[in-house]
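Worksheet for the structure shown next.
The values are calculated or read from the model by the stated rules, or taken from the named source; none is laboratory data. Remember, predicted model here, so these are calculated numbers, not experimental data. A quick note on method: Cβ atoms are made from the backbone with ideal geometry, for glycine too, and the neighbour counts reach across all protein chains shown.
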Amino acid sequence: MRVRRGGLIGLLCSQAVSLTGTRVSMIAVPWFVLTSTGSATNTGLVAACEMAPYVLSIVRIVAALLFFEHGLAKLFGFPPQAMPAPARWRPMC
């Protein structure tokens, strides 16, 4: 019995191509802005905007870890019973 790994190899190759493209664009786009405008401020702004999704994903992971560690009451400062349930979850009686 032979194990077929075509799907796994395809997935790994596509991930490698995607990661390579992301890294190249992280260098190429700010470089293009620098050569087009000559402005270091614009280059820094473009680089910061390009890095924003990565920074926000790290913040989201940290928030999830804090939530799992401490719970809703300690994280937000009020107990979950104090929050009203959304209208679609309330009983219709």
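Structural remarks
- Being part of a helix (DSSP H, G or I), of a type outside the set (K, R) and touching a helix residue (DSSP H, G or I) at 6+ places or on another chain (Cβ under 8 Å) holds for only one residue in S25, S18, and it is S25.
A quick yes/no check of all residues on (1) hydroxyl-bearing (S, T, Y); (2) at pLDDT 90 or above:
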site	(1), (2)
W31	no, yes
T43	yes, yes
V46	no, yes
A63	no, no
L66	no, no
A82	no, no
W89	no, no
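So that you can scan it fast, the table gives a plain yes or no per residue for (1) touching a residue at least 24 places away in the same chain (Cβ under 8 Å); (2) β-branched (V, I, T):
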position	(1), (2)
G7	no, no
S25	yes, no
T43	no, yes
A47	no, no
V62	no, yes
